């Protein structure tokens, strides 16, 4: 069905703009009139094929945390000022620079006009608005406290962005150094070593062990380079295919938790996400069973997510929260103690906030400590590689020179 870009005036005489789907221009005008607007104009935005191509390309555009945070904060301002939600959404769509988000906001406004609730309209755009986002908005609609919920939601998005950036910044340096080392080693083996290999093999001396190892690596690269790349590519593809399976995700996430230092960061990050998300959803009025189901999808680890779902099942049996958490044997004693205190004193939200703040600080501290450990390890690794290459190339020369002097 064609899409028409329209201009109309609302009951206060203010000009509103947007898009609407209709079979003809007349039908578009009729729909606007039925929605309580005074139609001014309606122009078809383009052919179906052009629109479908544009829609297809928009799917590949990423909606960043910054875009979503800005939209959420602006939407809170709209709600607080008492502007009708549809008019506010259309105004925000015009201010949004991300085209994918802009189109989604426009469609949400149209769906509300058609009778959808705000949360249901958001739920139709799963690639942009997460399950947490939709659930919190729905709770705000139900409780009539949408403004406060949007404020909490923007804080939650900022927290998720900060956590992600912290981990990325910690891994950026080691990934760069390791990639550089691997690249330099491959270039040396393919460019430098082949120039010396024939001479070393023709020399009538016993080659040192580092040289023998380097020559074997060179032979593998020279004779089996294509096969090596095929095998490597097959292993990478197999890994990613396995990772996409439920069993693969679970197994890999369990292994991640056992990696020294890295596993500690993952656990603390998950605890921070668990507490922060749980506190915001509970404060927003989302039922506890629904809350734990959503939280299980946000902790970022399948093993911990399974434990959260087990807690949810035990709560249904009337066991509270702290006891099932203790039985799960994954939550640190501090988390269990504070949540038990919160249950007993009726201050669960405050305790969850304390847990989140504590582990937020712990993640930052552990990431900094990891960086402090990684730098000397990488330095030793670089020195070891340089020493290995130097010995592999220069030791045979020393032996050759010694043999020549002995023969002379």
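The values are calculated or read from the model by the stated rules, or taken from the named source; none is laboratory data. These numbers come from a predicted model, not from an experiment. Heads up, the Cβs are rebuilt from the backbone with ideal geometry, glycines too, and the neighbour counts pull from every protein chain shown.
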Fill in the blank from the handout: Of 202, 154, 139, 119, the only residue that is outside the structural domain of residue 265 (by TED's automatic domain parsing) and modelled with pLDDT under 80 is 139
Exercise for the section: Could you tell me whether residue 74 is under 19 Å from residue 152 (Cβ atoms) and out of contact with any strand residue (DSSP E or B) (no Cβ under 9 Å at 6 or more places or on another chain)? Expected result: yes
Exercise for the section: Kindly indicate whether any position in the range 241-262 is touching a residue at least 60 places away in the same chain (Cβ under 8 Å) and part of a helix (DSSP H, G or I). Expected result: yes
Fill in the blank from the handout: Across the range 193-211, the tally of residues that are assigned to a helix (DSSP H, G or I) and loosely packed, with under 14 Cβ neighbours inside 10 Å stands at 7
Exercise for the section: Taking the options 297, 290, name whichever one is in a helix (DSSP H, G or I), at pLDDT below 85 and closer than 24 Å to residue 150 by Cβ. Expected result: 290
Practice task
Tell me, yes or no, whether the range 33-45 has at least one residue that is surrounded by 19 or more Cβ atoms within 10 Å (Cβ to Cβ) and either at pLDDT below 75 or out of contact with any helix residue (DSSP H, G or I) (no Cβ under 8 Å at 6 or more places or on another chain) (or both).
Solution key: yes
Practice task
Would you point out which residue out of 213, 288 is under 29 Å from residue 343 (Cβ atoms) and in contact with a helix residue (DSSP H, G or I) (Cβ under 8 Å, 6 or more places away or on another chain)?
Solution key: 288
Problem - Criterion: in contact (Cβ under 8 Å) with a residue 60 or more places away in the chain, out of contact with any strand residue (DSSP E or B) (no Cβ under 7 Å at 6 or more places or on another chain), under 30 Å from residue 286 (Cα atoms) and surrounded by 14 or more Cβ atoms within 10 Å (Cβ to Cβ) - qualifying residue of 214, 153 - result: 153
Problem - Set 123, 109: member being free of Cβ contacts under 8 Å to residues at least 12 places away in the same chain and closer than 26 Å to residue 34 by Cβ - result: 123
